[in-house]
Structure formats: C-alpha cells, structure tokens
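One structure is given below, encoded as structure tokens.
The values are calculated or read from the model by the stated rules, or taken from the named source; none is laboratory data. Values in this document were obtained by computation on a predicted structure and should not be read as measured data. Backbone-built Cβ (ideal geometry, glycine too); neighbour counts: all protein chains shown.
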Amino acid sequence: MHAVKAYFNYLLTSKNQYGVHSPFLFDYLTKGLSGKSILDFSKARQFRKELDQSRESVIVQDFGAGSKVFKGNKRSVSKIAKNAGISKKRAKLLAKTLHYFRPENVLEIGTSLGISTAYMSIGAPEAKITTLEGCSSTAGVAKKQFEKFKMNNIKVVEGKFDKTLDLVLKNQQYDLIFFDGNHQKRPTIEYFEKCLKAAHEDSIFIFDDIHWSVEMEEAWEYIKNHGSVKLSVDTFKWGLVFFHTGREKQHFTLRL
Ligand SMILES: C[S@@+](CC[C@H](N)C(=O)[O-])C[C@H]1O[C@@H](n2cnc3c(N)ncnc32)[C@H](O)[C@@H]1O
C-alpha cells in the first residue's frame with residue numbers, strides 16, 4: 001500500500017527530461033539514456049536467461065530487510081532471478097549510465113545472482129567492478145556465471161556488508177556506487193556515510209528502491225538533504241546523487 005501511494009505521488013510530481021534546468025543532467029538524460037544504445041546486451045541477456053531457466057535451488061542466507069516475496073530459505077535460482085534481480089529496463093539504464101559516465105572504479109553493494117553486475121560489465125568493460133554479497137550460495141552462482149561469460153572485470157567480495165564495506169573502501173575511491181542490498185533506513189544511511197569518504201566530486205551514487213518502504217523514503221530524504229549532495233534525482237525506483245562542488249543544491253523528480 002505504501003508503494004502504491006508513493007507511486008501516485010511520484011506521478012503527480014515527476015517531469016520528463018525537458019523539465020530539467022540542469023545542462024549536466026539534461027545531457028546525461030538525452031545523450032546517455034534516451035534512444036537506442038550502441039551497447040551489445042546479448043551476453044547479459046543470455047546470462048539472465050540461463051538464470052531464469054535454471055532448475056537449481058540454493059539455501060540462501062537472508063540479510064537486511066528480508067523479502068516481500070519469499071518465505072523459507074530454500075529458493076530456486078530462477079525465482080531469485082525474477083524477484084531479486086534488476087528489471088530488464090533498469091538493467092539497460094544502468095549499463096547506459098556506466099557507458100555514459102565511464103567510471104574506472106565501480107562498487108556494487110548487493111550482488112545476488114549478478115544480473116545487475118553483468119549489465120554494468122557490458123556498460124563499462126574497462127572498469128574495475130567490485131561487488132559485495134553476504135549469501136555464499138547466491139554469490140557462488142554469480143561467480144560461476146561471471147566466469148562462464150568471461151566477465152573478467154568483476155570481483156566478488158563475500159561477507160556481511162558491515163565487514164566487507166570497510167575492507168573495499170580502504171584506500172580506494174569509487175567513481176560509481178550502486179546501493180542495492182539491505183533496504184532498511186539505518187544501514188542505508190550508514191553505508192552512504194561510509195561511502196562518502198571514498199567519493200570525489202564526480203562520483204555518482206545510485207540507491208535502489210528508495211520508495212520501497214517508509215523507512216527507505218526516510219533514508220532517501222536524509223541522503224538527498226545531506227550537505228555533500230549537490231544534485232539529487234528521484235526516478236521512483238532509483239535515487240541518484242551527485243556531488244559536484246561549487247554548484248547550488250538541486251533536486252529533480254523524473255520519469256525515465
Ligand atoms: C536486491 S539483491 C541484489 C540484486 C542485484 N543487485 C541485481 O539487481 O541483480 C540484495 C542482495 O544483498 C544481499 N544482502 C543484503 N543485506 C546484506 C548484508 N547485510 N550483508 C551482506 N549481503 C547482504 C542479499 O543477500 C541479496 O543477495
């Protein structure tokens with residue numbers, strides 16, 4: 001019910017790219033996201049298809065906010081792919097975003113079966129992509145797929161985010177971070193604040209499911225109002241934040 005209300009509110013307040021008074025954002029939306037992409041998604045499509053059709057089941061360890069769909073710990077890989085994995089549309093937008101901004105170092109918090117990671121690898125084949133996952137069974141499936149599809153620019157770091165995040169943030173800056181695990185208020189804010197020290201003025205943070213719950217909306221409010229954030233974009237499913245210094249704070253609610 002919360003998500004339905006939030007979506008109506010979003011529909012009433014959102015604009016398309018032509019309502020954006022930020023040349024930086026307009027350029028990203030029109031050149032980076034609109035129209036047909038030159039990227040070849042066939043490898044990532046096959047990656048997902050194999051998971052969608054898998055007959056394998058795994059015992060998962062549930063962290064964070066749990067699931068609105070699953071009960072119990074034995075889950076079929078195909079159901080995880082359908083329910084926890086990024087949608088086809090968002091996966092392409094993610095790849096296009098990486099292709100447009102050309103990040104060198106990328107961090108993903110929440111690998112699951114690696115579908116979003118695979119699309120990021122297509123979008124930025126030259127980037128070093130580090131992805132964090134706490135459930136060893138799903139991470140194991142993802143790792144096998146990355147090897148099979150020769151996605152050699154991906155490194156999976158297994159373990160609870162509480163530990164692994166500190167590890168991968170040590171002495172490393174990231175140009176893009178995709179926050180897609182543990183959809184609760186406190187951890188989301190905590191990860192955001194930890195990641196700030198690994199950000200620079202051209203870094204981009206993307207938060208998934210910002211309207212998933214009241215808590216996630218509160219976390220998003222906190223993040224977009226944070227002093228370091230100069231530009232924030234609410235696309236309903238995602239919240240994007242940019243840190244350019246020397247600009248006035250701006251916020252947009254957009255339909256992608
Ligand atoms: C929504 S899924 C990621 C989906 C993936 N990015 C995609 O779109 O294909 C979130 C993942 O984060 C992991 N996770 C959640 N909380 C965690 C925590 N505290 N420590 C480690 N892993 C966690 C879950 O096991 C789950 O696989």
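In region 4-19, the residue that is surrounded by the most Cβ atoms within 10 Å (Cβ to Cβ) out of those that are at pLDDT below 75 and hydrophobic (A, V, I, L, M, F, W, C) is LEU11. State all residues of region 155-176 that are within 12 Å of the ligand (Cβ to nearest atom) and either outside any helix (DSSP H, G or I) or aromatic (Phe, Trp, Tyr) (or both); if no residue qualifies, say none. Passing the criteria: VAL156, VAL157, GLU158, GLY159, LYS160, PHE161.
Any residue at all in region 182-197 that is modelled with pLDDT under 95, closer than 21 Å to LEU12 by Cα and assigned to a loop (DSSP other than H, G, I, E, B)? I'd like the intermediate steps shown before the answer.
We begin by selecting, within region 182-197, every residue modelled with pLDDT under 95; these are 182-184.
Narrowing further to those that are closer than 21 Å to LEU12 by Cα: none.
No, every residue in region 182-197 fails to be modelled with pLDDT under 95, closer than 21 Å to LEU12 by Cα and assigned to a loop (DSSP other than H, G, I, E, B).
Tell me whether region 158-165 contains one or more residues that are closer than 21 Å to ILE86 by Cβ, aromatic (Phe, Trp, Tyr) and buried (at least 20 other Cβ atoms within 10 Å of the Cβ). Scanning region 158-165 turns up at least one residue that is closer than 21 Å to ILE86 by Cβ, aromatic (Phe, Trp, Tyr) and buried (at least 20 other Cβ atoms within 10 Å of the Cβ). Of the residues contained in region 114-121, none is found to be surrounded by fewer than 22 Cβ atoms within 10 Å (Cβ to Cβ) and in contact with a Phe, Trp or Tyr (Cβ under 9 Å, 6 or more places away or on another chain).
Residues in region 183-199 that are in contact (Cβ under 8 Å) with a residue 24 or more places away in the chain, away from the ligand (no atom under 15 Å from the Cβ) and more than 20 Å from MET120 (Cα to Cα): LEU196, LYS197. Residue pairs whose Cβ atoms lie under 7 Å apart, sitting 6 or more positions apart in sequence or on different chains, and linking a residue in region 96-116 that is among the hydroxyl-bearing types (Ser, Thr, Tyr) to a partner that is away from the ligand (no atom under 14 Å from the Cβ), are THR97/GLY32; TYR100/TYR28; TYR100/LYS31; TYR100/GLY32.
Residues that are surrounded by fewer than 16 Cβ atoms within 10 Å (Cβ to Cβ) and of a type in the set (Ser, Thr, Tyr) within region 200-228 comprise TYR222, SER228, listed in sequence order. Among the candidates PHE179, PHE236, PHE161, PHE252, the residue that is of a type outside the set (S, T, N, Q), in contact (Cβ under 8 Å) with a residue 40 or more places away in the chain and at positive phi is uniquely PHE236.
Taking region 30-142 as the region of interest, the strands (runs of 3 or more DSSP E) fully inside it that hold 3 or more residues being near the ligand (Cβ under 9 Å from one of its atoms) are 128-133.
Note on region 20-29: residues that are loosely packed, with under 12 Cβ neighbours inside 10 Å and assigned to a helix (DSSP H, G or I) amount to 1. Beta carbons closer than 6 Å, at least 6 apart along the sequence or on distinct chains, pair a first residue in region 39-52 that is under 14 Å from LEU113 (Cα atoms) with a second that is among the β-branched types (Val, Ile, Thr) for ALA44/ILE122; ARG48/ILE115; LEU51/VAL77. Restricting attention to region 209-242, the residues that are assigned to a loop (DSSP other than H, G, I, E, B) and closer than 12 Å to PHE192 by Cβ add up to 4.
Do we have ASP180 as closer than 22 Å to VAL60 by Cβ, buried (at least 21 other Cβ atoms within 10 Å of the Cβ), of a type in the set (D, E, K, R) and within 15 Å of the ligand (Cβ to nearest atom) here? Answer is yes for this residue.
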